[in-house]
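The values are calculated or read from the model by the stated rules, or taken from the named source; none is laboratory data. On a predicted model such as this, the values are computed, not experimentally measured, just so you know. Note: areas computed on protein heavy atoms with side chains; ligands, DNA, RNA excluded. Shrake-Rupley method; radii C 1.70, N 1.55, O 1.52, S 1.80 Å.
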Amino acid sequence: MKTIEGISRQQMQFSSLDDLIAADNPVRIIDAFAENLDLSKIGMEQRKAKQQQSNSNPGGAPRFSDKLLLKLYLYGYLNKIRSSRKLEQECARNTELRWLMQELIPNYHTIADFRKNYPQALKNLFKLYVQFLDEMNLLGKQTIAIDGSKFRAVNSSKNNYNQRKIDKHKAMIDQKADNYLKELDELDKDETDDSGPAYRKEEVEAALQRLTERKIKYDDLQQQLDNTEEKHLPD
């Protein structure tokens with residue numbers, strides 16, 4: 001019986017890093033989302049000030065960009081990668097992260113220091129991304145996994161966002177973000193193999209198109225609620 005044979009490891013190939021990632025791979029949404037972030041609105045003002053000081057001292061060592069490290073943490077959050085050392089390892093061996101990080105590999109000290117210095121900015125990042133998925137109906141129709149937790153659809157025309165639901169939704173996201181950051185700090189939780197959320201090609205394309213046409217919504221559901229007279233939000 002014949003067996004399927006792979007190609008020779010010594011065979012030369014001509015392809016770009018972008019060729020390794022399909023056009024409908026959800027990692028492209030992470031990349032586009034982070035590129036469209038206004039860092040000052042997620043609490044990166046202090047980091048920006050430090051960057052300006054560094055720019056005034058051109059002899060200083062170069063550093064990784066804020067958005068690059070935010071992409072790394074967002075990918076880790078969605079894919080249950082629980083330690084700075086493992087985030088570093090995945091940058092070298094994970095094809096999606098090689099693409100997302102443009103083949104750059106921050107060491108685990110850099111990754112851990114960024115988290116310790118800006119935990120609130122990371123929490124805001126996670127919450128904004130979940131809100132974006134909700135806006136794009138990628139949290140609807142099916143139950144998908146975010147950080148190992150299940151966010152069930154609430155997009156039915158029969159449902160409304162009332163005060164209780166909004167408070168519960170915000171508390172759930174806050175708790176999951178807190179838990180993730182604490183587990184990263186502890187560095188003692190083993191990862192399990194967990195595939196990320198599966199989106200249809202047209203859903204990924206729609207999300208990418210939205211990010212090219214419109215700015216990210218930084219107002220959360222609570223702020224929207226405060227601006228309505230009825231004290232509820234329709235779906």
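Here the Karplus curve 6.51 cos²θ - 1.76 cosθ + 1.60, taken at θ = phi - 60°, turns the phi angles of the stretch 70-84 into couplings of 5, 4, 4, 5, 5, 5, x, 4, 6, 10, 6, 9, 9, 8, 5 Hz, with x standing for Gly and Pro. Once the chain from residue 108 to residue 171 is taken as fully extended at 0.36 nm per residue, the excess over their C-alpha distance is 19.7 nm. Each residue of the stretch 22-36 is assigned a 3J(HN,Hα), and the resulting list reads 4, 4, 9, 6, x, 5, 5, 5, 4, 5, 5, 4, 5, 5, 8 Hz, derived from the Karplus form 6.51 cos²θ - 1.76 cosθ + 1.60 (θ = phi - 60°), x at Gly and Pro. Full extension of the chain segment joining residue 92 with residue 209 gains 39.2 nm, where the gain is 0.36 nm per residue of separation less the Cα-Cα distance.
In order along the stretch 101-111, the phi-based Karplus estimate (6.51 cos²θ - 1.76 cosθ + 1.60, θ = phi - 60°) of 3J(HN,Hα) comes to 8, 6, 6, 7, 10, x, 6, 5, 5, 4, 5 Hz; Gly and Pro are listed as x. A 1.4 Å probe over all protein chains sorts 12, 44 by accessible area into 12, 44, starting with the largest.
For the set 67/123; 71/182; 41/86; 127/176; 116/182, the pairs lying more than 21 angstrom apart at their alpha carbons are 41/86.
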